[in-house]
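Novice: Once you've had a glance at the structure underneath, I'll fire off some questions.
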Amino acid sequence: MSFVQPDLPALRANYEVQWAEGKAAFTDGTFQVDPVPRDGVPRFGLSFVVRAEGPFADRIAAESEAIAARCRGTHLNYRPEDLHSTVRSVEGYQDTVPQAQIDHYLGQFKQAVEGLGPIEARFEGLGGSRGGLYVRGYPNATLLELRRRLRDARVPFGNLGPAGGDGDRYRDNAHVSLLVPRTAVPEPEVAAYVDARTTADFGSFTCAEVSLVVWRPDLRAANIEEIDRISW
(Lines give C-alpha, C1' and ligand atoms only; values in the text may rest on other atoms or scores of the structure.)
Protein backbone atom coordinates (compact mmCIF):
# COMPACT_ATOMS: atom_id res chain seq x y z
CA MET A 1 0.00 0.00 0.00
CA SER A 2 1.51 3.32 -1.09
CA PHE A 3 0.91 6.55 0.83
CA VAL A 4 1.88 10.15 0.17
CA GLN A 5 5.34 10.80 1.57
CA PRO A 6 5.88 13.72 3.96
CA ASP A 7 7.62 16.81 2.59
CA LEU A 8 10.39 16.87 5.18
CA PRO A 9 12.40 19.77 3.70
CA ALA A 10 9.27 21.95 3.75
CA LEU A 11 8.50 20.92 7.32
CA ARG A 12 12.08 21.67 8.39
CA ALA A 13 11.86 25.11 6.75
CA ASN A 14 8.54 25.77 8.49
CA TYR A 15 10.06 24.91 11.86
CA GLU A 16 12.85 27.40 11.16
CA VAL A 17 10.38 30.16 10.30
CA GLN A 18 8.33 29.45 13.43
CA TRP A 19 11.41 29.55 15.64
CA ALA A 20 12.66 32.83 14.18
CA GLU A 21 9.39 34.36 15.37
CA GLY A 22 9.35 32.36 18.60
CA LYS A 23 12.90 33.26 19.57
CA ALA A 24 12.15 36.98 19.28
CA ALA A 25 8.86 36.60 21.16
CA PHE A 26 10.38 34.65 24.06
CA THR A 27 13.34 37.01 24.28
CA ASP A 28 11.18 40.11 24.73
CA GLY A 29 8.05 38.59 26.27
CA THR A 30 5.66 39.16 23.36
CA PHE A 31 4.65 35.52 23.00
CA GLN A 32 1.03 34.38 22.87
CA VAL A 33 -0.26 33.77 26.39
CA ASP A 34 -2.66 30.84 26.63
CA PRO A 35 -4.93 30.94 29.71
CA VAL A 36 -6.29 27.90 31.52
CA PRO A 37 -9.11 26.67 29.24
CA ARG A 38 -12.79 26.89 30.09
CA ASP A 39 -15.64 24.80 28.73
CA GLY A 40 -16.17 25.39 25.01
CA VAL A 41 -12.79 26.82 23.98
CA PRO A 42 -11.23 25.16 20.90
CA ARG A 43 -7.96 24.01 22.48
CA PHE A 44 -7.07 21.20 24.90
CA GLY A 45 -9.95 19.00 23.84
CA LEU A 46 -10.49 15.31 23.25
CA SER A 47 -7.47 14.02 21.28
CA PHE A 48 -5.63 10.98 20.00
CA VAL A 49 -2.00 11.05 21.08
CA VAL A 50 1.13 8.92 21.27
CA ARG A 51 2.34 8.99 24.86
CA ALA A 52 6.10 9.49 25.25
CA GLU A 53 7.52 6.49 27.11
CA GLY A 54 10.84 4.82 27.96
CA PRO A 55 14.25 6.32 27.10
CA PHE A 56 12.65 8.55 24.46
CA ALA A 57 10.49 10.15 27.13
CA ASP A 58 13.46 10.48 29.50
CA ARG A 59 15.44 12.49 26.94
CA ILE A 60 12.56 14.86 26.29
CA ALA A 61 11.68 15.18 29.98
CA ALA A 62 15.24 16.35 30.64
CA GLU A 63 14.71 19.17 28.12
CA SER A 64 11.40 20.15 29.69
CA GLU A 65 13.04 20.32 33.10
CA ALA A 66 15.96 22.37 31.78
CA ILE A 67 13.55 24.87 30.22
CA ALA A 68 11.43 25.08 33.38
CA ALA A 69 14.55 25.81 35.45
CA ARG A 70 15.27 28.85 33.24
CA CYS A 71 11.75 30.32 33.29
CA ARG A 72 11.19 33.67 34.99
CA GLY A 73 7.41 33.53 34.70
CA THR A 74 4.75 30.98 35.53
CA HIS A 75 4.00 28.72 32.57
CA LEU A 76 2.59 25.31 31.77
CA ASN A 77 5.78 23.21 31.73
CA TYR A 78 5.06 19.66 30.64
CA ARG A 79 5.71 16.97 33.26
CA PRO A 80 7.17 13.61 32.15
CA GLU A 81 3.78 11.86 32.44
CA ASP A 82 2.14 14.47 30.17
CA LEU A 83 4.63 14.37 27.28
CA HIS A 84 3.04 13.28 24.00
CA SER A 85 2.81 13.78 20.26
CA THR A 86 -0.70 14.54 19.00
CA VAL A 87 -2.05 12.38 16.19
CA ARG A 88 -5.32 14.32 15.93
CA SER A 89 -7.30 16.70 18.10
CA VAL A 90 -10.99 16.03 17.56
CA GLU A 91 -12.93 18.39 19.86
CA GLY A 92 -12.64 21.58 21.84
CA TYR A 93 -12.36 21.61 25.63
CA GLN A 94 -15.23 20.25 27.72
CA ASP A 95 -15.62 20.05 31.47
CA THR A 96 -17.30 16.68 30.95
CA VAL A 97 -16.99 14.57 27.79
CA PRO A 98 -20.15 12.52 27.08
CA GLN A 99 -19.65 8.79 26.62
CA ALA A 100 -21.40 9.04 23.24
CA GLN A 101 -18.59 11.26 21.95
CA ILE A 102 -15.94 8.88 23.25
CA ASP A 103 -17.60 5.90 21.56
CA HIS A 104 -18.04 7.84 18.32
CA TYR A 105 -14.36 8.75 17.98
CA LEU A 106 -13.09 5.38 19.11
CA GLY A 107 -15.22 3.83 16.37
CA GLN A 108 -13.80 6.22 13.77
CA PHE A 109 -10.26 5.47 14.87
CA LYS A 110 -10.65 1.70 14.77
CA GLN A 111 -11.91 1.94 11.19
CA ALA A 112 -9.14 4.36 10.21
CA VAL A 113 -6.30 2.02 11.25
CA GLU A 114 -7.55 -0.96 9.22
CA GLY A 115 -4.68 -2.16 7.04
CA LEU A 116 -2.18 0.31 8.48
CA GLY A 117 1.25 -0.59 9.77
CA PRO A 118 3.06 1.17 12.61
CA ILE A 119 3.22 4.94 12.74
CA GLU A 120 6.64 6.52 13.20
CA ALA A 121 8.25 9.87 13.89
CA ARG A 122 11.79 11.02 14.54
CA PHE A 123 12.70 14.05 16.62
CA GLU A 124 15.51 16.50 16.00
CA GLY A 125 15.99 19.83 17.69
CA LEU A 126 14.13 22.08 20.07
CA GLY A 127 11.97 24.77 18.56
CA GLY A 128 8.86 26.79 19.08
CA SER A 129 6.67 29.65 18.01
CA ARG A 130 4.94 32.61 19.64
CA GLY A 131 2.51 30.06 21.09
CA GLY A 132 4.90 27.69 22.86
CA LEU A 133 7.99 25.50 22.83
CA TYR A 134 8.38 21.96 21.53
CA VAL A 135 10.65 19.24 20.22
CA ARG A 136 10.60 19.23 16.42
CA GLY A 137 9.20 16.02 14.95
CA TYR A 138 9.12 14.46 11.49
CA PRO A 139 6.30 11.94 10.77
CA ASN A 140 6.35 8.95 8.45
CA ALA A 141 3.84 8.46 5.61
CA THR A 142 1.69 6.08 7.66
CA LEU A 143 1.12 8.67 10.37
CA LEU A 144 0.06 11.20 7.73
CA GLU A 145 -2.28 8.65 6.14
CA LEU A 146 -3.90 7.95 9.52
CA ARG A 147 -4.52 11.66 9.96
CA ARG A 148 -6.06 11.93 6.50
CA ARG A 149 -8.41 9.05 7.24
CA LEU A 150 -9.47 10.57 10.56
CA ARG A 151 -10.05 13.93 8.89
CA ASP A 152 -12.14 12.32 6.14
CA ALA A 153 -14.16 10.40 8.75
CA ARG A 154 -15.10 13.72 10.33
CA VAL A 155 -16.75 15.17 7.20
CA PRO A 156 -20.22 13.59 7.55
CA PHE A 157 -20.49 14.45 11.26
CA GLY A 158 -18.49 17.58 12.06
CA ASN A 159 -17.88 18.23 15.75
CA LEU A 160 -20.14 16.43 18.20
CA GLY A 161 -19.03 18.74 20.98
CA PRO A 162 -17.40 22.20 21.07
CA ALA A 163 -15.94 23.40 17.78
CA GLY A 164 -12.21 23.04 17.86
CA GLY A 165 -9.54 20.46 17.48
CA ASP A 166 -8.01 20.06 14.03
CA GLY A 167 -11.27 20.51 12.15
CA ASP A 168 -10.84 19.94 8.41
CA ARG A 169 -7.06 20.25 8.46
CA TYR A 170 -4.55 17.52 9.18
CA ARG A 171 -1.23 17.93 10.92
CA ASP A 172 1.92 17.51 8.86
CA ASN A 173 4.28 17.52 11.85
CA ALA A 174 4.86 15.40 14.94
CA HIS A 175 6.15 17.76 17.61
CA VAL A 176 6.15 17.15 21.37
CA SER A 177 5.07 20.22 23.37
CA LEU A 178 7.28 21.34 26.25
CA LEU A 179 5.86 24.71 27.36
CA VAL A 180 2.68 26.74 26.97
CA PRO A 181 3.09 30.42 27.98
CA ARG A 182 0.93 31.61 30.85
CA THR A 183 2.49 34.97 31.87
CA ALA A 184 3.80 37.64 29.48
CA VAL A 185 7.30 38.21 30.81
CA PRO A 186 10.59 38.15 28.85
CA GLU A 187 12.25 34.72 28.86
CA PRO A 188 15.68 35.40 27.30
CA GLU A 189 17.40 32.50 29.08
CA VAL A 190 14.78 30.12 27.75
CA ALA A 191 15.13 31.51 24.22
CA ALA A 192 18.91 31.14 24.35
CA TYR A 193 18.68 27.56 25.61
CA VAL A 194 16.27 26.49 22.90
CA ASP A 195 18.31 28.26 20.24
CA ALA A 196 21.40 26.29 21.26
CA ARG A 197 19.52 22.98 20.95
CA THR A 198 17.93 23.26 17.50
CA THR A 199 19.93 20.31 16.09
CA ALA A 200 19.93 17.97 19.11
CA ASP A 201 18.95 14.35 18.35
CA PHE A 202 16.11 13.02 20.51
CA GLY A 203 15.53 9.71 18.77
CA SER A 204 12.23 8.36 17.49
CA PHE A 205 9.16 6.28 18.19
CA THR A 206 7.59 3.44 16.23
CA CYS A 207 4.25 2.20 17.51
CA ALA A 208 0.86 0.75 16.69
CA GLU A 209 -0.81 2.09 19.81
CA VAL A 210 -2.53 5.44 20.40
CA SER A 211 -4.28 6.90 23.45
CA LEU A 212 -7.54 8.82 23.50
CA VAL A 213 -7.09 11.55 26.12
CA VAL A 214 -8.51 14.69 27.63
CA TRP A 215 -6.61 17.50 29.34
CA ARG A 216 -7.40 19.00 32.72
CA PRO A 217 -4.76 21.75 32.62
CA ASP A 218 -3.98 24.26 35.34
CA LEU A 219 -1.41 27.06 35.40
CA ARG A 220 1.60 24.74 35.51
CA ALA A 221 0.64 21.27 34.26
CA ALA A 222 -1.26 19.67 31.37
CA ASN A 223 -2.76 16.94 33.58
CA ILE A 224 -3.53 14.51 30.79
CA GLU A 225 -6.18 11.89 31.54
CA GLU A 226 -6.18 8.75 29.41
CA ILE A 227 -9.63 7.49 28.46
CA ASP A 228 -8.61 4.49 26.39
CA ARG A 229 -5.61 3.02 24.58
CA ILE A 230 -6.10 1.48 21.13
CA SER A 231 -3.70 -1.00 19.51
CA TRP A 232 -3.78 -2.39 15.97
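The values are calculated or read from the model by the stated rules, or taken from the named source; none is laboratory data. Source: prediction; values computed, not measured. Note: ideal-geometry Cβ built from the backbone for every residue, glycine included; neighbour counts use all protein chains shown. Each accessible area value is taken on the protein alone, full model and side chains, heavy atoms only, with ligands, DNA and RNA left out. Shrake-Rupley method; radii C 1.70, N 1.55, O 1.52, S 1.80 Å.
Novice: Name the single residue, out of those in region 186-232 being open to solvent by 50 Å² or more (accessible area, probe 1.4 Å) and among the hydrophobic types (A, V, I, L, M, F, W, C), that is nearest to residue 79 (Cα to Cα).
Specialist: Start the filter on region 186-232 by keeping residues that are open to solvent by 50 Å² or more (accessible area, probe 1.4 Å), which leaves 186, 189, 192, 195-197, 199, 201, 204, 206, 209, 216, 218-220, 225-229, 231-232.
Okay, now just the ones that are also among the hydrophobic types (A, V, I, L, M, F, W, C), so 192, 196, 219, 227, 232.
Details: 192: 21, 196: 22, 219: 13, 227: 19, 232: 28 Å.
The extreme case among them is 219.
Novice: Six or more apart or on different chains, Cβ atoms under 6 Å: show the pairs whose first residue is in region 210-232 and more than 16 Å from residue 113 (Cα to Cα) and whose second is of a type in the set (Phe, Trp, Tyr) and not in a strand (DSSP E or B).
Specialist: Close Cβ pairs (under 6 Å, with a partner that is of a type in the set (Phe, Trp, Tyr) and not in a strand (DSSP E or B)) amount to 215/44; 217/44; 222/78.
Novice: Condition first: in a strand (DSSP E or B) and open to solvent by 40 Å² or more (accessible area, probe 1.4 Å). Now tell me which residues in region 104-123 satisfy that. Talk me through it step by step, then tell me what you get.
Specialist: Initially, region 104-123 is screened for residues in a strand (DSSP E or B), giving 119-123.
120, 122, listed by residue number.
Novice: Select from region 55-64 the residues that are touching a strand residue (DSSP E or B) at 6+ places or on another chain (Cβ under 9 Å) and not charged (D, E, K, R) and write down the one among them that is most open to solvent (accessible area, probe 1.4 Å).
Specialist: Of the residues in region 55-64, the ones touching a strand residue (DSSP E or B) at 6+ places or on another chain (Cβ under 9 Å) are 55-57, 59-60, 63-64.
Now narrow it down to the ones that are not charged (D, E, K, R): 55-57, 60, 64.
Details: 55: 92, 56: 19, 57: 11, 60: 0, 64: 4 Å².
Among them, the one singled out is 55.
Novice: Sticking with this structure for a sec: When the residues of region 149-185 are narrowed to those that are of a type in the set (Val, Ile, Thr) and open to solvent by less than 60 Å² (accessible area, probe 1.4 Å), which ends up nearest to residue 96 (Cα to Cα)? It would help to see each step written out before you state the result.
Specialist: At the first step, the residues of region 149-185 found to be of a type in the set (Val, Ile, Thr) are 155, 176, 180, 183, 185.
In the following step, the residues that additionally are open to solvent by less than 60 Å² (accessible area, probe 1.4 Å) were identified as 176, 180, 183, 185.
Working: 176: 25, 180: 23, 183: 27, 185: 33 Å.
For region 149-185, the residue satisfying everything is 180.
Novice: Let me ask something additional. Can residue 25 be described as part of a helix (DSSP H, G or I), crowded, with 17+ Cβ neighbours inside 10 Å, under 17 Å from the mean Cα position of the chain (by Cα) and at negative phi? Before you say what the answer is, go through the steps one by one.
Specialist: Working: part of a helix (DSSP H, G or I): yes; crowded, with 17+ Cβ neighbours inside 10 Å: yes; under 17 Å from the mean Cα position of the chain (by Cα): no; at negative phi: yes.
When the stated conditions are applied, residue 25 does not pass them.
Novice: Right, something else. So in region 65-103, with the set limited to residues that are farther than 26 Å from residue 230 by Cβ and in a helix (DSSP H, G or I), which one is most open to solvent (accessible area, probe 1.4 Å)? Let's see the steps before the verdict.
Specialist: To start, the set of residues in region 65-103 that are farther than 26 Å from residue 230 by Cβ comprises 65-77.
With the extra rule that they be in a helix (DSSP H, G or I), the set shrinks to 65-70.
Working: 65: 112, 66: 19, 67: 2, 68: 41, 69: 83, 70: 95 Å².
Among residues in region 65-103 that are farther than 26 Å from residue 230 by Cβ and in a helix (DSSP H, G or I), the one most open to solvent (accessible area, probe 1.4 Å) is 65.
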